[in-house]
Amino acid sequence: MTTEKAAVTKEVKGPGWSVGKKITHFLVSMKLALTLLFVIALLSIIGTILPQGDQVLESGWPNNPLYDFYKTLGLFNMYNSWWFLSTLGLLIANLTVCITKRLPTAVKHFLKPRVDVKEIFIANQPVSVTIPGAGDRSIATAKKLLGKHHFRIREGQSGSVLAEKGRFTPIASLAFHMSFLFIAVGSILVGFLGFDERMEIPDGKSAPVPNTNMQVKNNGFTVDYIEVTENGRVIGYRPSVYSSDLEIFEDGQSVAKKVITVNDPLRLEGVNFHQASYFQTARGYVTVLQVNKTPGKSLVYVGFGLMMGGICFTLYLPHRRIWFKAGTSGDLLIGGRTNRSKVAFKKDFDHMMSELRLSIGQEATADG
């Protein structure tokens, strides 16, 4: 029976199991997240270079030999293509797993940082010193000195002390990663639930609003002109302000009415009616509207806000920790570490230790 169990265990944890574990580890790793971000950035550059949506018809691309191929790939509708949205979906899944794995540890260390440590832990820190003969009486001096340098002091039950600065930085680092999650979710919402359509409506005419049960009516277009002068003579006129009197209907009932201009659109139920442009025909003016709905836009804005906050915290407020305690030999043991700017931290650490030695020496002289 034991032999059979061993054989089963060996079969389950064979080469295939090892490969599967590596694949699973890669799928939930930050390496994949960075790879996906690079791919999305590259695709976004392509989407910026190539015209999108209605802009394609106004460009020369329909006459290009590669037009049909690019259209089949969805390059002219990049941000709504299924493969672009699928890439975002994979990024969301990956970031969700990565953040879920790291968040409990980050929160735990934030709420309950490691204060009680052993002597060997302090000695093994990236920067450490031992001040001979200082012992217990210098603990208060060290606390006072580090407090003066804006470190937060925490005392442990074993006699060790933690001086910490930039304690929010690990949380801010997670917020930086969460920013991509918000941006990706917002982009998917825009891709699946949003739309951006161009509408041309002559004066007095109505048209259905795509992807909604609304009708928009153009009650009239007006334009104001100003004179164009040259050398004191009027040589022509150019439009200064133009507007359209719009009315929105739902189920035959008027639900909104507004005279819109270029910078003052009509907004209703998340749908935005922008005055894009106009043109004139033999029968009168035609209003050109850009009608869009972006349900995930607020999430994208929150994401960029988290990104900027995370960058600022991470770059300018490194997480610095210094532990110290009186050793069994009567010496004062001090050791510290930082998550970034290690050279600058070592320089500051050495400077503070010089101050501490001087203070301890002055106290010893006073006691003597």
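Every number here is computed from the coordinates shown, using simple stated rules; none is lab data. Note that the structure is a prediction, hence the values are computed from the model and not measured. Cβ placement follows ideal geometry from the backbone for every residue including glycine, while neighbour counts extend to all protein chains displayed.
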Task: Separation in nanometres of the label points that stand 7 Å from Cα toward Cβ, at K31 and T100 - done: 2.2
Task: Estimated distance in nm for a label pair at N80 and S277, the labels positioned 7 Å out from Cα along Cα-to-Cβ - done: 2.0
- [ ] Taking the Cα centre of the chain as origin, sum charge times position over the Cβ atoms of Lys and Arg (+1) and Asp and Glu (-1), and report the length of that vector in debye to the nearest 20.
- [x] 2000
Task: For segment 165-239: relative contact order, % (alpha-carbon pairs under 8 angstrom, 6 or more apart) - done: 15
- [ ] May I ask you to compute the full-extension gain from H150 to I46, defined as 0.36 nm times their residue separation minus their alpha-carbon distance, rounded to one decimal in nm?
- [x] 32.7 nm
Open item on the list: Please give the charge dipole size of segment 198-292, origin at the Cα centre, charges +1 on K and R Cβ atoms and -1 on D and E Cβ atoms. Round to the nearest 20 debye.
Closed with: 160
Task: Choice from Y237, Y278, Y67 with maximal GNM fluctuation in the chain (Cα, 10 Å cutoff) - done: Y237
Open item on the list: Suppose the chain between F69 and K21 were pulled fully straight at 0.36 nm per residue; how much longer would it get relative to their current alpha carbon spacing?
Closed with: 13.4 nm
TODO: Just name one of V259, G303, S243: the one whose Cα is farthest towards the positive end of the charge dipole of segment 171-308 (beta-carbon charges, Lys/Arg +1, Asp/Glu -1).
DONE: G303
Open item on the list: For log10 I(q)/I(0) by the Debye sum over Cα atoms at q = 0.06, 0.08, 0.14 Å⁻¹, one of [x] -0.24, -0.43, -1.29; [y] -0.49, -0.72, -1.19; [z] -0.20, -0.36, -1.23 was computed from the structure I shared and the rest are decoys. Which label?
Closed with: [y]
Open item on the list: Can you classify segment 198-292 as rounded, prolate or oblate using the Cα gyration tensor, where a ≥ b ≥ c are the square roots of its eigenvalues, rounded means a/c under 1.5, and otherwise it's prolate if a/b beats b/c and oblate if not?
Closed with: prolate
Open item on the list: Neighbour counts of other C-beta atoms within 10 Å: give me H149, H25, H274 arranged from fewest to most.
Closed with: H25, H149, H274
Open item on the list: Nearest 10 degrees is fine. How inclined is helix 2-12 to the longest principal axis of the chain, computing both from alpha carbons?
Closed with: 40
Open item on the list: Compute the angle between helix 342-367 and the longest alpha-carbon principal axis of the chain, please, reported from 0 to 90 degrees and rounded to the nearest 10.
Closed with: 40
Task: Length gained when the stretch F192-V241 is fully extended (0.36 nm per residue, less Cα-Cα span) - done: 14.1 nm
- [ ] Quick one: among E227, E155, E355, which has the greatest mean-square fluctuation in a GNM of the chain with alpha-carbon springs under 10 angstrom?
- [x] E227
Open item on the list: Tell me the angle of helix 30-49 to the major Cα principal axis of the chain, expressed in degrees between 0 and 90 and rounded to the nearest ten.
Closed with: 30
TODO: Let me have the relative contact order for segment 198-292, percent, based on Cα pairs under 8 Å that are six or more residues apart.
DONE: 27
Open item on the list: With 14 Å as the cut-off, how large is the P(r) tail for segment 116-161, expressed as percent of Cα-Cα pairs?
Closed with: 60
Open item on the list: Given the C-alpha atoms of segment 11-105, compute the convex hull and give its volume per residue in Å³.
Closed with: 134
Open item on the list: Could you tell me how many cubic angstrom of Cα convex hull volume segment 283-335 has per residue?
Closed with: 84
TODO: Would you list, by chain and number, the lysines whose Cα falls below 16 Å from the Cα of K325, excluding same-chain residues fewer than 8 positions away?
DONE: K118, K143, K144
- [ ] Measure off 7 Å from each Cα along the Cα-to-Cβ vector at Y316 and D116, then give the distance between these two points in nanometres to one decimal.
- [x] 3.9
Task: Normalised contact order of segment 11-105, rounded percent, pairs of Cα under 8 Å and 6 or more residues apart - done: 39
